[in-house]
Amino acid sequence: MNAPLLAVHEADVADREEFRRAVLKGLSASPRAIPAKYLYDARGSALFDAICELPEYYPTRTETAILRQRSGDIARLAGPGCTLVEYGSGSSVKTRLLLDAMRELAAYVPIDISRHHLEMTASRLRRDYPRLTVDPVCADYMELQQLPQGTGSGPRVGFFPGSTIGNLTPDEAVAFLRRARRLLGETGALVLGMDLKKDPQRLHDAYNDSAGVTAQFSLNLLRRMNRELEANFDRASFAHDAFYNSAEGRIEIYIRSLRDQVVTVAGRRFAFVAGEGIHTEYSYKFDEVGISRMARRGGFSVREIWTDPSRLFAVAYLV
Ligand code: AVI
């Protein structure tokens, strides 16, 4: 009876140790940087869900509208009897749009590192789609190169929405696509959501919302370090800083120190000068040429690119 609880506890301890190492390494580096994945603790994930509802944050609703309009095309291109493999545990409206259109799926395979999220997703989808085979895989989808033997059948169609690929550097994105190609196979395809380059003011507003939710999301990392690593960040002495770097085609996000100060994290002291930043996120923006080039380097080619009337966001079908 105690074994699963113990296993969960050990996983928590391992996660915290990994977080501690990543933070100490990132704060010792120059310039300072902490990987974006650590923004998503329970509070960070809830804040990100709130970001997706903000008036300034157009990507989620724009991508959903594209998928609503194009899910029939996606189903036709995929054909009957394929397995839909989602990168992330898609309990979202977007997943359901595809599941509703792809009537003759052999299986739906969500991949997620969080067993809890996977189980929630799987049980909801089994309830709502009783004829669908839901076969979750608990793994880090950024690393996974193979599905467990016997998972799904037929051609595999990957689904990676949300422009999460934009949070990777160009080289990381290509490496991810190469792994996806291996996992999906030569007959496979990938449905990929990407935010597009546009008026810099529009991009700026999407990451500097007037309600300050994105700032709370960023600064939540300080709260997490205080709680999990016995750090003593004074949150009022740091600010969220997000701007569009047009030369690089990306939003850059930093947590910036508002004054000279010394902070203790996991027993180590770190001195900040006023204006110094901790880099937390890149969010790359794409255009058609860039999408084709990235796809080619990753071992795919572009079959279709669908966008919205204002050309804010794109969904590509890569083969
Ligand atoms: C998850 N990812 C695609 C979001 C983005 O737009 O890059 C993360 C985000 N960070 C601040 N706002 C949204």
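The values are calculated or read from the model by the stated rules, or taken from the named source; none is laboratory data. Only a predicted model underlies this, so the values are computations on that prediction, with no experimental measurement involved. Positions of Cβ are generated from backbone atoms using ideal geometry, with glycine treated the same way; all protein chains shown enter the neighbour counts. Side chains included, ligands, DNA and RNA excluded: accessible areas come from the protein's heavy atoms. Shrake-Rupley method; radii C 1.70, N 1.55, O 1.52, S 1.80 Å.
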For the range 184-269, using Cα atoms only, the Rg and Dmax in Å read 17.8, 56
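For the chain, report the % of Cα-Cα distances exceeding 32 Å. Walk me through the intermediate numbers first.
Working: 16049 of 50721 pairs.
The answer is 32 percent, as a whole percent.
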So the carbon and sulfur contribution to the accessible area of the chain, 1.4 Å probe, in percent, is 51 percent
Mind listing the long-range amide H neighbours of Arg156? Cut-off is under 5 Å, sequence gap 5 or more, other chains count too, H placed in the peptide plane at 1.01 Å from N.
Thr83, Gly188, Ala189
Under Karplus coefficients 6.51, -1.76 and 1.60, residue-wise ³J(HN,Hα) of the range 255-264 in Hz, glycine/proline x:
9, 10, 6, 8, 7, 5, 6, 10, 10, 9
In whole Å, how far is the Cα centre of the range 36-53 from that of the range 152-210?
18 Å
Step through the residues of the range 106-123 one at a time and calculate ³J(HN,Hα) from phi using the Karplus curve (6.51 cos²θ - 1.76 cosθ + 1.60, θ = phi - 60°), rounding each to whole Hz and writing x for Gly and Pro.
6, 6, 10, 10, x, 10, 7, 6, 8, 4, 4, 4, 4, 5, 4, 4, 4, 6
Specify whether the C-alpha gyration tensor of the range 1-138 places it in the rounded, prolate or oblate class, a ≥ b ≥ c being the square roots of the eigenvalues: rounded for a/c under 1.5, otherwise prolate if a/b is larger than b/c and oblate if not.
oblate
Length-normalised contact order for the range 114-257 - Cα pairs under 8 Å, 6+ apart - percent
16 percent
Measuring from its Cα centre, the chain shows a charge dipole (+1 at each Lys and Arg Cβ, -1 at each Asp and Glu Cβ) which, in debye to the nearest 20, is 380 debye
Contact order normalised by residue count of the chain, Cα under 8 Å, 6+ apart, percent
20 percent
J(HN,Hα) series, the range 73-85, from Karplus relation 6.51 cos²θ - 1.76 cosθ + 1.60, nearest Hz, glycine and proline x
5, 4, 4, 5, 5, 6, x, x, x, 8, 10, 8, 10
